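*Asks:* This is the structure I want to talk about, given as structure tokens.
A short reminder: the numbers here are calculations on the coordinates, not readings from a lab. Everything numeric in this text was worked out from a predicted model, so none of it was measured. So basically every Cβ, Gly included, is an ideal-geometry build from the backbone, and we count neighbours across all protein chains shown.
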Amino acid sequence: KILIIDCGSQYTQLIARRVRELGVYSEILFWDSPIEKLRESNPTGIIISGGPRSVLDGDAPAVPMEILNAGVPVLGICYGMQLLAHQFGGAVERGSSAEYGRAAVEVDEGRLFTRCGGDKKLTVWMSHWDEVKRLPDGFKVTARSESGAMAGFESPDGRVTALQFHPEVAHTPKGQEILSAFLFDICGCTADWTLGNEWIDHEIEKIRAKVGGGKVICGLSGGVDSTVSAVITQRAVGSQLHCIFVDHGMLRKDEGRQVMETYRSLNLNVHFVDASERFLTALAGVTEPERKRKIIGELFIRVFEEEARRLGGSDWLLQGTIYPDVVESGHGGGGVIKSHHNVGGLPDDMKMGLLEPLRDLFKDEVRRVGKVLGIAPHFLGRHPFPGPGLAVRCLGELKKERLDILREADAIFIEETRKAGLYDSIWQAFCALLPVRSVGVVGDVRTYGETIALRAVSSLDAMTAEWVHLPYELLDTVSRRICNEVPQVNRVVLDVTSKPPATIEWE
Ligand code: XMP
């Protein structure tokens, strides 16, 4: 196992994923975690991430010397390199200018570069301001940037290594070779994190041991995480698992029916609750986005609880929590941009234990497990869909008629995106129905109709996103079809904003 100590870098989760892609399990802890937690992790190697601070600040992230001296190989990346230099007795100074973006470095015999095919000049991704000016005693430089600045070093025994650039990002083409050298040559890891049947069997055993003869309840959302959690748990405890699927009236066209068919084909025992009228009644007259989200979140929990009681209560609540949720919730601080809700929110009076079989996995790993479990690729590849559903894409008041317009338009957009072979390469594509009407003309008759906005974004983790340059032919077909087939719509526009400054959803 590799421990990644997070000093606040936006790339920390990417480092963890890259390590896992190479077949080695990794976990993330914050630099200020209690020292017992760092000790307990007991890793084969440690990677210290980058971060936005300067080691020259008094209260900047640091790692206890006990951990750095524990005899385990350590790799410092960017801020991590400066931290190692600083803590082992070298000197770091503010550079005369920041070095940002693609850069070239000259490398020598360093242990990290033995798998780079003998290349002495590497293209890398830099993003830093401070520079290491003097190395700790006996350490040697292993890489330099074109300006002569230090870009890598290692300790006399080769146990401590560091890079000023980011091997984890795609802009460093030999990044995986460098990380492989660290994992396999320096740490001596074996590539056994494969997420095949062995991982699944082990997880099934763990669930059985925990649950015993107890009852498990689970809210299905139609998404990949809850489905994969339910299928694993179903394999573990069979009919002791009861799933609840709530239709809140904000689902996409035919979604309720399609999802239920998939669940049945996976042998899941699902109770379908049609609560759409209740949700629409509760939302009548509400236009403010956060109010909408709050009403939906709270009502969802109430409906779920009622159904769970009707089923006679339960001992365990199964949730599709995945690793990024676990890591992010450890963060604290940070303002609420939007109040995301997934299924649940643990009702206190039900006194259930929590079952989270996917807690250690990233999204792409959940998909891999899903594939081994026999879930159809078509289902596993579905774009993410927010808990409040179309509510956050139907701006203004939520009425059934307006939601239906949105459903029809959205179905056309998705169908054409699939036909064009683009669906799988897009992170999310959808329509939003705007709260503005505009004037049009159809066959000499003036219209005053609805506006649909098309949104398609690419992203790695939804934290940032870029709008996708869809082909004009596709846009043209979609626009024509929507206006022809959804008569209430007379205008189609394209959203060309990235995140930031926009968010992916419109509300
Ligand atoms: P934003 O709009 O914040 O969305 O850029 C980022 C990602 O999160 C999804 N999203 C949600 N998912 N419950 C969810 O489960 C929510 O309330 C929610 N709101 C947004 C969004 O679709 C995108 O993938």
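*Asks:* Going highest first, how would you order 24-32, 491-499 by mean Cβ packing within 10 Å? Spell out each step's value before the answer.
*Replies:* Values: 24-32: 19.1, 491-499: 15.6.
Going from most to least packed, we get 24-32, 491-499.
*Asks:* I've got another one for you. I'd like the Kirkwood hydrodynamic radius of the chain, using the inverse of the mean 1/r over distinct C-alpha pairs, in Å. Can you show the working numbers first?
*Replies:* Working: mean 1/r = 0.0393 Å⁻¹.
Computed over the chain, the radius equals 25.5 Å.
*Asks:* Packing-wise, with mean Cβ within 10 Å as the measure, how do 294-305, 243-254 rank, highest first? Could the numbers behind the result be given before it?
*Replies:* Numbers: 294-305: 18.1, 243-254: 21.2.
The packing order, highest mean first, is 243-254, 294-305.
*Asks:* Give me the distance in nm between label points sitting 7 Å out from Cα along the Cα-to-Cβ direction at Asn269 and Glu415, one decimal.
*Replies:* 3.8
*Asks:* Which of the peptides 472-481, 85-94, 39-48 is most tightly packed, and how do the rest follow, going by the mean number of other Cβ atoms within 10 Å of each residue? Can you show the working numbers first?
*Replies:* On the way: 472-481: 15.1, 85-94: 17.1, 39-48: 19.5.
By packing density, highest mean first, the sequence is 39-48, 85-94, 472-481.
*Asks:* So how far, in whole Å, is the C-alpha centre of segment 441-476 from the one of segment 143-202?
*Replies:* 41
*Asks:* Check segment 197-380 and count each lysine pair with an alpha-carbon distance under 23 angstrom, considering only pairs eight or more places apart or from different chains.
*Replies:* 11
*Asks:* Calculate, in nm to one decimal, what Arg480 and Asp404 gain on full extension: separation in residues at 0.36 nm each, minus their alpha carbon distance.
*Replies:* Values: separation 76, 0.36 × 76 = 27.36 nm, distance 1.83 nm.
Difference between extended and current length: 25.5 nm.
*Asks:* If each residue of separation counts as 0.36 nm, what is the full-extension length gain between Lys210 and Trp129 once their alpha-carbon separation is subtracted?
*Replies:* Details: separation 81, 0.36 × 81 = 29.16 nm, distance 4.95 nm.
Fully extending the segment from Lys210 to Trp129 adds 24.2 nm.
*Asks:* Give, in whole angstrom and from largest to smallest, the semi-axes √(5λ) of the equivalent ellipsoid of segment 2-186, with λ running over the eigenvalues of the Cα gyration tensor.
*Replies:* Values: eigenvalues 94, 74, 49 Å².
Listed largest to smallest, the semi-axes of segment 2-186 are 22, 19, 16 Å.
*Asks:* What does segment 392-494 give for Rg and for Dmax, in Å, if only its C-alpha atoms count?
*Replies:* Radius of gyration, then largest Cα-Cα span, for segment 392-494: 14.0, 48 Å.
*Asks:* What value does segment 197-380 have for Rg/Rh, both radii from Cα atoms and Rh as Kirkwood defines it? Show your work: numbers first, answer last.
*Replies:* Numbers: Rg = 16.5 Å, Rh = 17.3 Å.
Looking at segment 197-380, the ratio lands at 0.96.
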